[in-house]
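S.K.: Just dropping this structure here.
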Amino acid sequence: MPYAEELDPSDSVLSFYVTDLRRRREDAGISQRDFAKMALMSPSLLNKIEAAKRLPTKELSALADEKFGTGEYFTRLWHLVIKYAHPKWFRPYTELEEAAVRIRSFQVQVMPGLLQTEDYARAVLGTRRDSRERIEEMVSGRIERQHILKRPNPPEMWVVLDESVLHRRTGDIDTMRGQFEHVIHMAESTDLVLQVIPYDVGMHAGCEGSFASLTLDQGPNVVYVDGFLEGQLLGEREHIKTAERVYDLLAVDALSMGRSMDLIKRALTGLHT
């Protein structure tokens, strides 16, 4: 991994951001430890951010603008950093996801990105065998997407999982345990609707693959379909209508939310080394 001093600001938006952040911090005579304290984060995390090993947060960007008198410079730059953390083909979806008032997601292999813990996301993305720096960048981008569920007006979210998601080992035992606990917490403390299609249903309407349906605040709805190399956005009326029907069929085949939670809790207690 590169040290902060070795970064070339022309390499990426992230490199430009952190190089400028470190320069302005040092020009202001603020140590990394003191700035980390101001940002309410550990010095080790800020060190990783300044070395482009972790993505900066929106809060850190606002603090930088305040302390360095840069208006909204870092805050505006942060939006570009987050955007370019995702693969080029996925960026349009994240922008639509931001505008969604309802998200309906079906997953047959892994937990949806909006519900993944950092460790689980790292295990999923690590299968691509990218560089550690690139994986960490994508993990940070994925976790940052989850802020839409914490805003004052979060989108309505409904998730249907194939039971295989609960039994596919992703990362180590602690990673799976943390992921299950997180999903249970989200289902019990938010308006998230989560259902599981059990194995005994057999074949179902979603066996051909995972997808998500977005209802937007303005404009037509869209459907996102997972693919081998990259996903695909579909906006044709017939595709949207088909996705809605498939999702309705999946919800009918799935267990009730209460029984789905029982199944997830059994999977949690069944974890062993």
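S.K.: Please work out the FRET efficiency for the pair Glu72 and Ala28, using the Cβ-Cβ distance as r and a Förster radius of 22 Å; give the result to the nearest 0.05.
M.R.: 0.80
S.K.: Also, quick follow-up: Rolling a 1.4 angstrom probe over the protein chains, ignoring ligands and nucleic acids, what is the accessible area of Lys265 in square angstrom, nearest 10?
M.R.: 80 Å²
S.K.: About its Cα centre, how strong a charge dipole does the chain have in debye, to the nearest 20, once Lys and Arg get +1 and Asp and Glu get -1 at the Cβ?
M.R.: Roughly 320 debye, rounded to the nearest 20.
S.K.: Past 22 Å, Cα to Cα, is the threshold; run Lys53/Lys83; Lys58/Lys83; Lys37/Lys67; Lys48/Lys150 against it and keep the listed order. Could the numbers behind the result be given before it?
M.R.: Working: Lys53/Lys83 16 Å; Lys58/Lys83 13 Å; Lys37/Lys67 13 Å; Lys48/Lys150 25 Å.
Over 22 Å apart, Cα to Cα: Lys48/Lys150.
S.K.: With θ set to phi - 60° and the Karplus curve 6.51 cos²θ - 1.76 cosθ + 1.60, what are the ³J(HN,Hα) couplings of the stretch 177-187 in order, to the nearest whole Hz, using x for Gly and Pro?
M.R.: Couplings: 4, x, 5, 4, 4, 5, 5, 4, 4, 4, 5 Hz.
S.K.: Amide H of Arg54 versus every other amide H placed in the peptide plane: which residues, excluding those fewer than 5 positions away on the same chain, fall under 5 Å?
M.R.: Ile49
S.K.: Report for the chain the percent antiparallel among DSSP-assigned beta bridges with both residues inside it, nearest 5.
M.R.: Around 55 percent of the beta bridges assigned by DSSP in the chain are antiparallel ones.
S.K.: As a check on your grasp of the helix formula, calculate [θ] at 222 nm for the chain: sum -39500 (n - 2.57) over DSSP H runs of n ≥ 4, divide by the residue count, round to the nearest 500.
M.R.: -15000 deg cm²/dmol
S.K.: Here's another thing I want to ask about it. Order 68-79, 235-246 from most to least packed using the mean count of other Cβ atoms within 10 Å.
M.R.: 68-79, 235-246
S.K.: Any chance you could check the Cα centroid distance between the stretch 10-39 and the stretch 228-273 for me, in angstrom?
M.R.: Their Cα centres are 42 Å away from one another.
S.K.: Rounding to the nearest 10 and keeping the result within 0 to 90°, find how far the Cα-based axis of helix 73-83 lies from the longest principal axis of the chain.
M.R.: That helix lies at roughly 40 degrees to the long axis.
S.K.: Would you mind getting the accessible area per residue of the chain, heavy atoms of the protein chains only, 1.4 Å probe, in Å²?
M.R.: With all protein chains present, the chain gives 53 Å² per residue.
S.K.: Now, a different point. When the solvent-accessible surface of protein heavy atoms is calculated with a 1.4 angstrom probe, in what order do Arg132, Arg151, Arg145 fall, highest first? Numbers along the way, then the final one.
M.R.: Numbers: Arg132 160, Arg151 55, Arg145 30 Å².
Sorted by accessible area, descending: Arg132, Arg151, Arg145.
S.K.: What's the local net charge at Leu45, with K and R +1, D and E -1, over the other residues with C-beta under 11 Å away?
M.R.: +2
S.K.: Which residues' amide hydrogens lie under 5 Å from the amide hydrogen of Glu156, considering only partners 5 or more residues apart or on another chain, with H built in the peptide plane?
M.R.: So Glu156 has HN proximity to Arg102, Ile103.
S.K.: Lys37 versus Asp191, label points 7 Å from Cα toward the beta carbon: distance in nm?
M.R.: 4.2 nm
S.K.: Counting Lys +1, Arg +1, Asp -1, Glu -1, what net charge surrounds Pro220 among other residues with beta carbon under 14 Å of its beta carbon?
M.R.: -1
S.K.: Work out, step by step, the length gained on full extension between Val225 and Arg128: first 0.36 nm times the residue separation, then minus their alpha carbon distance; give nm to one decimal.
M.R.: Going from the current span to full extension adds 33.0 nm.
S.K.: Which whole-Hz couplings ³J(HN,Hα) result when phi for each residue of the stretch 146-158 is put into the Karplus expression 6.51 cos²θ - 1.76 cosθ + 1.60, θ = phi - 60°, listed in order with x for Gly and Pro?
M.R.: 6, 5, 5, 7, 10, 6, x, 10, x, x, 5, 10, 10
S.K.: Measure off, as a whole percent, the carbon and sulfur share of the 1.4 Å-probe accessible area of the chain, all protein chains present.
M.R.: Taking all protein chains in place, the chain shows 50 percent carbon and sulfur surface.
S.K.: Note down the relative contact order for the chain as a percent, whole number, built from C-alpha pairs under 8 angstrom at least six residues apart.
M.R.: Once divided by the residue count of the chain, the mean separation gives 18 percent.
S.K.: To continue, here is another question. Arrange the residues Met138, Met257 by how much accessible surface each exposes, largest first, with a 1.4 angstrom probe.
M.R.: The ordering from most to least exposed comes out as Met257, Met138.
S.K.: Using the beta-carbon distance between Ala251 and His272 and R0 = 41 Å, what value does 1/(1 + (r/R0)^6) give for FRET efficiency, to the nearest 0.05?
M.R.: Plugging the Cβ-Cβ distance into 1/(1 + (r/R0)^6) gives 0.80.
The values are calculated or read from the model by the stated rules, or taken from the named source; none is laboratory data. For clarity, every value in this text was computed on a predicted model and none was experimentally measured. Glycine also receives a Cβ, built like all others from the backbone with ideal geometry; neighbour counts cover every protein chain displayed. Keep in mind that these areas ignore ligands, DNA and RNA; they rest on the heavy atoms of the full protein, side chains included. Shrake-Rupley method; radii C 1.70, N 1.55, O 1.52, S 1.80 Å.
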